[in-house]
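Below is one structure, written out as structure tokens; the observations come after it.
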Amino acid sequence: MEIRTPVRKEDLKKLKVGDLVYISGEIITARDSAHLRMLKYLKEGRDLPFEIDGSVIYHCGPLMKKVGDEWVVISAGPTTSARMNATTKELLNYVDCIAIIGKGGMDVDFRGKGVYLAYTGGCGALASKTIKRVKTVHWIDLGMPEAVWVFEVERFPCIVAIDFEGNNIYEEVKRKVEENYKRIVGGKV
Amino acid sequence: MEYEDVVETVVELFRKAETELSEDVLRALRYAYENEESEIAKMNLKNILENVEYAKAKSIPICQDTGLPIVFVEIGRELCLDFDLKSAIIEGVKRATKEVPLRPNAVHPITRKNPGDNVGDYMPYISIDVVEGDELKIAVMPKGAGSENCSALKMMLPHDVDKIKGFVVEVVKNAMGKPCPPIFIGLGIGSTFDGCAKLAKKALLRDVTKMNDFELEILEAVNDLGIGAMGMGGKFTALAVLSEIGYCHTASLPVAVNIQCWANRRAFAVLR
């Protein structure tokens, strides 16, 4: 299944946990510092220099290189999404619909608002293959990894890890892992 | 040996470590891919192998988190250097940051200010040991934060020896999918508070396909958790447990678990 940006609720509703989905269009990177600044702006009622409603936010601090006047992507895989748990919960209050791409899972209730998509961590070189163009960069003062990069992507492959109904692949795994853990260590902790 | 030889070597070692994995690490990843039964885990492992191949062919960093520059040096005691070794390594890191390129990851811990060249107080992290011989051995291990953040150290008590395995399993369980599994586990046992952490890190330089019975036993227990590639369930949570021991105080038992992501990037060189 392929989804084009901006994302719409009727498309996101069709995605089920475990599905392979391809994203095409525009994705914007944001990690710790960008989330904090977004929330600061939103709380102060200031406009963001980019649209977050209907957006695909990619938890990624890319490795970029400036060639002449243009930025090019060298390697751009996902970063650990759990660091953005708290800020994402707040951010959801300001959007109607959103998709997030990251790795490692999140502890966030996306029900009725969005989905969380997983891309294989560490696969930055492979990800750069599907990034066709760097459209622009915002907040470069935050440094290369923390800035907000706007990428045009074509068929960026992800696995649906948290769906619109709140089914969460990581929660299922976690339950089993906790059970296994008790069995493995017994009393020896 | 000149200053410039060391600078060049450091640049080339980072280029190599960032763009290609060593054969032992590749073998471990391929084994996991071939033997994994979970469909989603297998898909992740396939991406990993494709990514590694693509990065090598294009000579670009495997992962955008090109890590912190960590350098282990062994200097033969018969060797006489008429230049500042540390300055040469620092210069090498600065040049590698521009040329490989490396992502500028090193920041001030409080202000978070990023100097842009991966150099600052105590950064690069350089460990120098004096050994027998007349060679200069340099190993680099660029290490990402996803896995480093999941590492842990515990000052255990002398009678806790049989709880070491449980501690490792607990650290891996708490990490879940965050450190980019399948992981490699560096295990430092003994020495001092700081020494044991260093042993854990140094252990990660070892050949990942050679483990003793103690390490294999811990590996089996860790994989029994079922976290799997990227924390989405599966047989392979870790690919190796590598330990180093150091003598410790009779009243203590420091244990450090240094988690390394699947991209166990390191490269080695010997200069004379």
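Could you check the stretch B:209-247 and list, in sequence order, the residues that are within 10 Å of chain A (Cβ to nearest Cβ), assigned to a loop (DSSP other than H, G, I, E, B) and not β-branched (Val, Ile, Thr)?
B:ASP224, B:LEU225, B:GLY226, B:GLY228, B:MET232, B:GLY233, B:GLY234, listed by residue number.
Consider the stretch B:53-80. How many of its residues are facing chain A (nearest Cβ under 8 Å) and over 17 Å from the mean Cα position of the chain (by Cα)?
Qualifying residue count, the stretch B:53-80: 4.
If B:GLU4 satisfies all but one of (1) away from chain A (no Cβ under 14 Å); (2) surrounded by fewer than 21 Cβ atoms within 10 Å (Cβ to Cβ); (3) not in a helix (DSSP H, G or I), what's the number of the condition it fails?
(3) is the only condition that B:GLU4 fails.
Give the residues of the stretch B:62-88 that are open to solvent by less than 10 Å² (accessible area, probe 1.4 Å) and either over 19 Å from B:TYR122 (Cβ atoms) or part of a loop (DSSP other than H, G, I, E, B) (or both), sorted by residue number.
Correct list: B:ILE62, B:GLN64, B:THR66, B:GLY67, B:PRO69, B:GLY76.
Identify, by number, the condition in (1) open to solvent by less than 20 Å² (accessible area, probe 1.4 Å); (2) free of Cβ contacts under 8 Å to residues at least 12 places away in the same chain that B:SER127 doesn't meet.
(2)
Show the residue pairs that are 6+ apart or on different chains and have beta-carbon atoms under 6 Å apart, the first residue being within the stretch A:151-167 and within 12 Å of chain B (Cβ to nearest Cβ), the second being part of a strand (DSSP E or B) and of a type in the set (Ser, Thr, Tyr).
The qualifying pairs are A:PRO157/A:TYR22; A:ALA161/A:TYR116; A:ILE162/A:TYR116.
Tell me the residue from A:LYS176, A:LYS182 that is farther than 30 Å from B:LEU49 by Cα, surrounded by fewer than 20 Cβ atoms within 10 Å (Cβ to Cβ) and without any contact (Cβ under 8 Å) to a residue 12 or more places away in the chain, please.
The conditions single out A:LYS182.
State whether the residues of the stretch B:83-92 include one that is within 14 Å of another protein chain (Cβ to nearest Cβ) and either in contact (Cβ under 8 Å) with a residue 12 or more places away in the chain or farther than 16 Å from B:THR66 by Cβ (or both).
No.
Does at least one position in the stretch B:116-124 carry a residue that is buried (at least 20 other Cβ atoms within 10 Å of the Cβ) and of a type in the set (Asp, Glu)?
Within the stretch B:116-124, not a single residue is buried (at least 20 other Cβ atoms within 10 Å of the Cβ) and of a type in the set (Asp, Glu).
Considering the stretch A:104-117 alone, what residues qualify as being open to solvent by 10 Å² or more (accessible area, probe 1.4 Å) and out of contact with any Ser or Thr (no Cβ under 6 Å at 6 or more places or on another chain)?
Matches in the stretch A:104-117: A:ASP107, A:ASP109, A:ARG111, A:GLY112, A:LYS113.
Any residue in the stretch B:179-191 that is among the hydrophobic types (A, V, I, L, M, F, W, C) and in a helix (DSSP H, G or I)?
No, every residue in the stretch B:179-191 fails to be among the hydrophobic types (A, V, I, L, M, F, W, C) and in a helix (DSSP H, G or I).
For the stretch A:137-173, which positions are polar (S, T, N, Q) and open to solvent by 60 Å² or more (accessible area, probe 1.4 Å)?
Once the filter is applied, which keeps residues that are polar (S, T, N, Q) and open to solvent by 60 Å² or more (accessible area, probe 1.4 Å), the stretch A:137-173 yields only A:ASN167.
Starting from residues that are of a type in the set (Lys, Arg) and touching a residue at least 40 places away in the same chain (Cβ under 8 Å), keep the ones in the stretch A:68-112 and report whichever is nearest to the other protein chains (Cβ to nearest Cβ).
A:LYS103
Residues to consider are B:VAL130, B:VAL107; find the one that is of a type outside the set (Asp, Glu) and within 11 Å of chain A (Cβ to nearest Cβ).
Of B:VAL130, B:VAL107, the one residue that is of a type outside the set (Asp, Glu) and within 11 Å of chain A (Cβ to nearest Cβ) is B:VAL107.
This table checks each residue for (1) among the hydrophobic types (A, V, I, L, M, F, W, C); (2) surrounded by fewer than 15 Cβ atoms within 10 Å (Cβ to Cβ).
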site: A:GLU10; (1), (2): no, yes
site: A:LYS16; (1), (2): no, yes
site: A:SER33; (1), (2): no, no
site: A:LYS43; (1), (2): no, yes
site: A:ARG46; (1), (2): no, yes
site: A:PRO49; (1), (2): no, yes
site: A:CYS60; (1), (2): yes, no
site: A:ILE100; (1), (2): yes, no
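Residues of the stretch B:89-100 being buried (at least 20 other Cβ atoms within 10 Å of the Cβ) and either touching a Ser or Thr at 6+ places or on another chain (Cβ under 9 Å) or within 20 Å of B:ALA55 (Cα to Cα) (or both), which ones?
Matches in the stretch B:89-100: B:GLY92, B:ALA96, B:THR97, B:VAL100.
The values are calculated or read from the model by the stated rules, or taken from the named source; none is laboratory data. Not measured: the values here are computed from a predicted model. When we count neighbours, we look across all protein chains shown, and the Cβ atoms used for this are built from the backbone with ideal geometry, even at glycine. Heads up: the accessible areas ignore ligands, DNA and RNA and are worked out on the full protein's heavy atoms, side chains in. Shrake-Rupley method; radii C 1.70, N 1.55, O 1.52, S 1.80 Å.
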